[in-house]
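The values are calculated or read from the model by the stated rules, or taken from the named source; none is laboratory data. Bear in mind that the values here come from a model prediction, so they are computed numbers and not experimental data. Glycine also receives a Cβ, built like all others from the backbone with ideal geometry; neighbour counts cover every protein chain displayed.
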Amino acid sequence: MQIQTLERLTCVTTNKDTYNGQPLYKTMLTAAQKHNLMQATATKGLAIVTETHPYQTENPFQKQLQPIVVQTIGTPDNNALFLKELTAALADHIIVKEKIETINTGS
């Protein structure tokens, strides 16, 4: 069993958020792959409440406003490069950075 200390980044966006004509979550996933992050996941949520947006729930007429949670896992160095590339794209978003430990039980 091997334990490794990494970082997890979490950001909430929507389909309405774009960067260079592409949905922001896709831009983030592409950058994560480019910077060799160990994992990147985008999950569509059901509801969101933020300081600047009222309570939003799933509405067939407002699919663009459904929250998308993007989480990445990588080394501190790779995450730093990832964030540096996306500084302009994520200017209006909150990013949560957490230190995590991963356990590899394989051989």
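Annotations for the structure displayed:
- Scanning region 78-91 for residues that are under 15 Å from Arg8 (Cβ atoms) and surrounded by fewer than 16 Cβ atoms within 10 Å (Cβ to Cβ) returns a single hit, Ala80.
- Condition met for Ala40 (touching a helix residue (DSSP H, G or I) at 6+ places or on another chain (Cβ under 6 Å), free of Cβ contacts under 8 Å to residues at least 60 places away in the same chain, of a type outside the set (Phe, Trp, Tyr) and assigned to a strand (DSSP E or B)): yes
- Candidate set: region 1-19, residues that are touching a residue at least 60 places away in the same chain (Cβ under 8 Å) and loosely packed, with under 15 Cβ neighbours inside 10 Å; chosen: the one farthest from Ile103 (Cα to Cα): Thr10
- Applying a threshold of 7 Å to beta carbon distances and a minimum spacing of six or more residues, or different chains, the list of pairs starting in region 72-88 at a residue that is closer than 17 Å to Lys26 by Cα and ending at one that is small (Gly, Ala, Ser) and surrounded by 16 or more Cβ atoms within 10 Å (Cβ to Cβ) reads Thr72/Ala32; Thr72/Ala40; Phe82/Ala31; Phe82/Ala32; Phe82/Gly74; Glu85/Ala31; Leu86/Ala31.
- Scan of region 95-107 for residues that are more than 12 Å from Val70 (Cβ to Cβ) and at pLDDT 90 or above, ordered by number: Lys97, Glu98, Lys99, Ile100, Glu101, Thr102, Ile103
- Residue count for region 22-40, restricted to those that are of a type in the set (Lys, Arg) and farther than 21 Å from Pro67 by Cβ: 1
- Positions within region 25-41 being among the hydroxyl-bearing types (Ser, Thr, Tyr) and surrounded by fewer than 21 Cβ atoms within 10 Å (Cβ to Cβ), in sequence order: Thr30, Thr41
- Test for Leu65: is it of a type outside the set (Gly, Ala, Ser) and either modelled with pLDDT of 90 or more or over 17 Å from Lys16 (Cβ atoms) (or both): no
- Restricting Ile95, Ile68 to residues that are closer than 22 Å to Thr14 by Cβ and touching a Lys or Arg at 6+ places or on another chain (Cβ under 7 Å) narrows the list to Ile68.
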